[in-house]
Each structure stands twice: as C-alpha cells, then as structure tokens.
1. Over the chain, what relative contact order in percent results from Cα pairs under 8 Å that are six or more residues apart?
2. Amide H of residue 272: which non-local residues (sequence gap of 5 or more, or other chain) have their own amide H closer than 5 Å, using H built in the peptide plane?
3. Longest span of the chain, sites excluded, free of GluC sites (Glu not before Pro) in DSSP loop with at most 12 other C-beta atoms within 10 Å?
4. Residue-wise, which Karplus ³J(HN,Hα) couplings in Hz belong to the range 195-204, taking 6.51 cos²θ - 1.76 cosθ + 1.60, θ = phi - 60°, and x for glycine or proline?
5. Return the sequence-ordered ³J(HN,Hα) values of the range 182-192 in whole Hz as given by the Karplus equation 6.51 cos²θ - 1.76 cosθ + 1.60 applied to θ = phi - 60°, using x for Gly and Pro.
6. Measuring from centroid to centroid over Cα atoms, what is the spacing of the range 148-169 and the range 274-336 in Å?
7. Per residue and in Å³, how big is the convex hull formed by the alpha-carbon atoms of the range 175-216?
8. Counting Lys and Arg as +1 and Asp and Glu as -1, what is the net charge of the other residues whose Cβ lies under 14 Å from the Cβ of residue 133?
Amino acid sequence: MPALLPPSRRLVIRAPDDWHVHLRDGDMLRSVVGYTARQFRRAIVMPNLTPPVTTTAAAEGYRTRILNALDPGGTFEPLMTCYLTDDADPDEINRGFETGVFAACKLYPAHATTNADHGVTDVRRIYPVLERMQRLGMPLLLHGEVTDPAIDIFDREAVFIETIFSRIIADFPALRAVFEHITTADAVAFVESGGPNLAATITPHHLRLNRNAMFAGGLRPHAYCLPVAKRERHRLALRRAATSGSPKFFLGTDSAPHLIGQKESACGCAGIFNAPFAIESYAATFEEDGALDRLEGFASEHGPRFYGLPLNTTSIILERDPLVVPERLAGTSEGDLVPFHADETLPWRFLGPVSAG
Ligand code: DOR
Ligand code: ZN
C-alpha cells in the first residue's frame, strides 16, 4: 500500500514502469532516454524506428544502444518489441520471445502513424504470427485505429474495435492483447467486456486533454498526437478507467518526442513528449479524482501482472511541492523539445528512488 506521510506530504509508491514509450535513436535517444530511466524501472520500447525493428538482431542492437546512452550503474531495463509487417515470420518472433529479446509484438496498421509505413495492410496476413503468439502467451500490442481516409479521424478507434479488434479477439480468444493509448469510452467498454487477457494502456495526456486542446485560442501542435484526443466525455471515461483500480488498465506514457521545428510546422508530427514529468502528471490526475491511493496499482502493479513479470521491489518518492515545468528542454543540435505541461505548475514533484538503507 502506498504511504502518504503527513506532515512531510510525501507519497511513496513501488517503482513504476512505462508500458509504452518511444525512445528514438541516435542523438534524440541520448537526449530523451534519461528522463524515462529516471522515473521508470522498466519500459516497453516501441519499435517504430527507420527502418523498423523487425528482427531479434535489430532489437538486440537497439537495446544495446539504449543502455549505452544511459549513465553506467543504473537499473533501467528496456523491454524490446517487434514491429509487425505483412511479412513477419512466426519462427523469428518465436525465437526472439523464447530467448528473452522480445517482450511483445506491436501491430501498427499500415500508415496509421509515425513510421507506420511498413505496418500491416491486412490483419489476416499476420494470422500465422498471431496463432504462434497465442500459443506462446506473447503479448500483442495494438495501435487501434483504422487508416481508411474515408473514416473520420475521431471515429478511427471505435471503427477499429468494430471491424478489426473484435475479429482478432474472436479468432484468437486466448491471445494476450494490450489496446495501446486508448482514447474513447468505446475502448474502455471493449476492454472491460473482455477477459483477463485483454488490457489497455492510458497516457498522461489523454487523461488531461480533450480535442479542444488542439484548438485553444489557435492551433496547438504540442497537443497533437495519435490517436487524437477525443470529446470530453471520452476523457472522463478514461479517467474513470485509470482510477478505477481495475487491473486491466495501466500506465503507458506514449512519450513521443519530435523536435520543435517538426511540431511547429505546416505538417506537424504527431506525438507528445511527456517523459520528463510523466509520474507528476499522473499523480495530479489521480489526486484530482480522489484516487491517489490507486496510483500505485495503475503505475506499478497492473502492468507487470499482465505481462507476467515480477513487481519492482524498490520505491520512489513524490513530494507535494509545486513544480513549474520548463517551456523547453534540450533536444539535439537541430532543435529543442517542448515537454507536456510546458510552463504549467504541477502539484507533485518526483524526488527519486527511496535510497536503500
Ligand atoms: O502521437 C504519436 N506519436 N502516436 C503514435 O502512435 C506514434 C508516435 C510517434 O512515434 O511519434
Ligand atoms: Zn506510441
């Protein structure tokens, strides 16, 4: 149980994990990975690099680059994922999972989002892979949006549930599936109605922004991500799910950094860089909803239980001490990054791990 210790106003919780993050590569990786490693003990690392991570060897190489980008002596553990293409090979995925390199596979419908050009064009093409994953107990992580341009962008998640996800669940009832970064009341209901092998991640930003945030007083590129934020009633459904204590919902930031010039552009990139103040953002939300006692389950327990991994044994401390989020953070030589909550004040501050002894 988390301990809230007055009068120091500290919240101590089991060390959290991030079950969905984009760490990028090269200079950007070196700039951003420390923010995730500082707050989270483990993270599920998305494979949408250029080229995408589709083999065990590529995932091992990427894992090494992530660890090399961190200060030595840390405890951060990247959990690697395999990017599914139409040509995904069940044997290669099997090998990657059994050797402990792949923790999961990621399904991007082709062209659904950043670097999803090599994604799956028709889910039936990967049925042999899904069959094998079901047998192995290997989690499938889904970007749940259809890509048909005729479908309104605000309906793409709901239509994905109706036309694709329900069929996957019907055809592979024992497949372990994580509906990533859910944005709608429809997704909450779908996950709640499924068995214990169906779960979802919820981002900090979808708990705080509705679709108006993208148009507040002008076009706001830093509130743009995919799936896009929806109506207020959907945001409220996500808050109810996250703070409900249900083991089906857990933390996944979907932190997705893009340089400021790529965001503030005539064709800006999708993605919100929330890693630097992620746990503070979730803490603010849970506190507003009177559910601080449920933050630990959401952030540190439901995810590892779903993935069949041990719970972290260390703890972190948050202090109730307002924090002003900087307007910008260093990116690469090409530009800076704008963090989620830029220039806002958050009520909780991440202090660090509880020191041993
Ligand atoms: O907003 C997003 N950004 N959504 C995604 O699915 C991908 C991500 C990225 O990689 O930038
Ligand atoms: Zn993502």
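Every number in this text was worked out from the coordinates using simple rules, so none of it is lab data. Note that the structure is a prediction, hence the values are computed from the model and not measured. We place every Cβ from the backbone using ideal geometry, glycine too, and count neighbours over all the protein chains shown.
1. Details: 744 pairs, mean separation 65.5, N = 357.
With pairs under 8 Å counted, the relative contact order is 18 percent.
2. HN-HN under 5 Å from residue 272: 256.
3. 1-326
4. x, x, 8, 10, 9, 8, 9, 10, 7, x
5. 5, 10, 10, 5, 4, 5, 4, 5, 4, 5, 5
6. Taking the Cα centre of the range 274-336 as reference, the centre of the range 148-169 is 30 Å away.
7. Measuring per residue, one finds 65 Å³ for the Cα hull of the range 175-216.
8. Working: positive: 95, 106, 132, 135, 176; negative: 89, 91, 92, 98, 131, 171.
Spelling it out: positives minus negatives among the neighbours equals -1.
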